[in-house]
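The values are calculated or read from the model by the stated rules, or taken from the named source; none is laboratory data. Quantities reported herein were computed from a predicted structural model and do not represent experimental measurements. Because the Cβ atoms are built from the backbone with ideal geometry, glycine has one as well, and the counts that use them run over all protein chains shown. Ligands, DNA and RNA are excluded from the accessible area calculation, which covers all protein heavy atoms including side chains. Shrake-Rupley method; radii C 1.70, N 1.55, O 1.52, S 1.80 Å.
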Amino acid sequence: MSTRLSPREILDKLVSFPTVSSETNLPLIDWVESYLQSHGIAVHRHPHETDPAKAAVFAHVGPEIAGAVVLSGHTDVVPVEGQPWSSDPFEVVERDGKLFGRGTCDMKGFDALAIWAMVEGHYANLARPLQLALSYDEEIGCTGAAPLIESMAAKFPKGSAVIVGEPSMMGAVTGHKGGAGFRVHVRGFEVHSSLMHTGVNAIMYGAKLIEWANDMNAANRAQEPNPVAATFEPPWTTVHVGTISGGTAHNITALDCHFGLDFRFVPGDDSAEWLARARAKAAEIEGEMQAVVPDTHIEMRETFAVPALMPEEAGEAETLVRQLTGDNTPRVVSYGTEGGHFQSAGYSTVICGPGDIAQAHQPDEYLTVAQFEAGQRFMEKLLTSCS
Ligand SMILES: [Zn+2]
């Protein structure tokens, strides 16, 4: 299989694997691994710690030295259930200058270009190495990035500039908010609601924590944002409850209440401190509950944590991307990426990839042919700059 495939042929292949985050991504990883190996490229896979159906893959081409440009992408895609698609989501269909298919935009288009660039780089005489990092589970809270980064650092010389190819219309994005979420379970005590002073209504105590979230939003909004935060919309850290369930009948104090409590942090806000504040508030409410019935509690399970991407002062990755694209517009986004994890691990990081985030996660998701070609030109310039 040592034929050199075009970016489009690689994209067709990647999209054909239905790598929805809840499903296995191994057939895709197997394919990438054997394709790169067929060209004699050094590849490693990092199996998921607990889920045998998932793995990440990473590779290195060029001299065995530090300072590589790392091309970072995720292999998973969001589900297609309930979405009206005009064609098979797992087949690339070209219509009106657009490549339709799940993941064409987010972000198998970039993955295909990165794999293509690795093979081209392998046959070129690179002075600066290129590395590829393809993760799992990005769409369910960027949980695959940290273990991949750690595993990669143990196998290869450390890279110095990371390009995360999330859709940015090939512009340089230098910052994004961080995120973290809790699943909250309030366990109360059931009595007839006529005697509610002897029971613990899980919904009503849960509402106190939700009211704390409302207070935090109002307080954050009232504050003067720092200069980095000021570039975001909105320029403050937000706390959000998107789902809630609980209770069994109108005349029973609710035994259980479950809800999600999610934070989006502006860069510079200490996420650990915010999580601690939420836990402290929950502990205070729990104390009130236990004063009524001792055997009640509030449990808070952390579901994800995505570090913010902080714009860097003259960052190496940003400088490189601006040289290659000629784009000098300052730009931050409100979606989270694996970039925050790379930056936390000490890599200079920037986001730059083909496609518009507005097309991500949609029915009839597409990447324009023009953007895909712009991505290829970007990779060609990158290869030249590494030669
Ligand atoms: Zn993505």
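So what's the convex hull volume per residue for the Cα atoms of the range 308-387, in Å³? Numbers along the way, then the final one.
Details: hull volume 8.9 nm³, N = 80.
Here the figure is 111 Å³ per residue.
Both numbers refer to the Cα atoms of the range 129-276; Rg and Dmax are 21.2, 72 Å. Once the Cα-Cα distance is subtracted from the 0.36 nm per residue extended length, the E313 to T50 segment shows a gain of 90.9 nm.
Beta bridges assigned by DSSP with both partners in the chain are antiparallel in approximately 75 percent of cases. Here the dipole of the chain is about 520 debye; that uses its Cα centre as origin and unit charges on the Cβ of Lys and Arg (positive) and Asp and Glu (negative).
For H258 and D96, what does the FRET efficiency come to when R0 = 51 Å and r is the distance between their Cβ atoms, rounded to the nearest 0.05?
Numbers: r = 45 Å, r/R0 = 0.88.
The computed FRET efficiency comes out at 0.70.
Protein-only accessible surface at a 1.4 angstrom probe places the residues H197, H176, H250 in the order H250, H197, H176, largest first.
Helix 145-155 axis versus longest C-alpha principal axis of the chain: approximately 40°, rounded to the nearest ten. Charges were assigned to the Cβ only: +1 to each Lys and Arg, -1 to each Asp and Glu. The resulting dipole of the range 152-286 about its Cα centre is roughly 380 debye.
Karplus-based coupling profile of the range 232-247, in residue order and whole Hz: 9, 10, x, x, 8, 6, 10, 10, 9, 10, x, 9, 8, 8, x, x, with θ = phi - 60° in 6.51 cos²θ - 1.76 cosθ + 1.60 and x standing for Gly or Pro. The H on the amide N of F90, modeled in the peptide plane, is under 5 Å from the matching H of R102, each at least 5 residues off or on a different chain. Taken about its Cα centre, the range 1-73 carries a charge dipole of about 200 debye when Lys and Arg each add +1 at the Cβ and Asp and Glu each add -1 at the Cβ.
Ordering L209, L195, L132 by the projection of their Cα atoms onto the charge dipole of the chain, which places +1 on the Cβ of Lys and Arg and -1 on the Cβ of Asp and Glu, puts L132 at the extreme positive end. Between helix 202-222 and the chain there is an angle of about 60 degrees, using the helix long axis and the longest principal axis of the Cα atoms.
Picking from A282, F100, V119, whose Cα lies most toward the positive end of the charge dipole for the chain (charges on Cβ: Lys, Arg +1; Asp, Glu -1)? Farthest towards the positive pole: V119. Once C-alpha pairs closer than 8 Å and six or more residues apart are averaged by separation and normalised to the residue number of the range 127-224, the relative contact order reads 12 percent. For the chain, the longest principal axis of the C-alpha atoms and the axis of helix 7-16 are separated by about 40°. Pairs of lysine residues in the chain that meet both criteria, 8 or more places apart or on different chains and Cα atoms under 28 Å apart, total 21. Applying 1/(1 + (r/R0)^6) with r as the Cβ-Cβ distance of D30 and H197 and R0 = 41 angstrom yields a FRET efficiency of 0.10. In the range 223-362 the Cα-Cα distances spread across 10 Å bins starting at 0 as 9, 29, 29, 17, 11, 5, 1 percent of all pairs.
Eigenvalues of the alpha-carbon gyration tensor of the range 69-165, scaled by 5 and square-rooted, set the equivalent ellipsoid semi-axes at 29, 18, 8 angstrom, largest first.
With only Cα atoms counted, the range 213-263 has Rg and Dmax values of 16.3, 51 Å. Taken over the range 233-311, the convex hull of the Cα atoms encloses 116 Å³ per residue. Listed values for the range 287-296 are Karplus-derived 3J(HN,Hα) couplings in whole Hz (6.51 cos²θ - 1.76 cosθ + 1.60, θ = phi - 60°), namely x, 5, 5, 6, 5, 8, 9, x, 8, 9, and x replaces Gly and Pro.
Note that the chain presents 42 Å² accessible area per residue, ligands and nucleic acids not counted, probe 1.4 Å. Over the chain, all Cα pairs binned in 20 Å intervals from 0 give whole-percent P(r) values of 27, 50, 20, 3, 0, listed from short to long. Taking a sphere under 12 Å around the Cβ of Q323 and counting the other residues whose Cβ falls inside, with K and R at +1 and D and E at -1, yields a net charge of -1.
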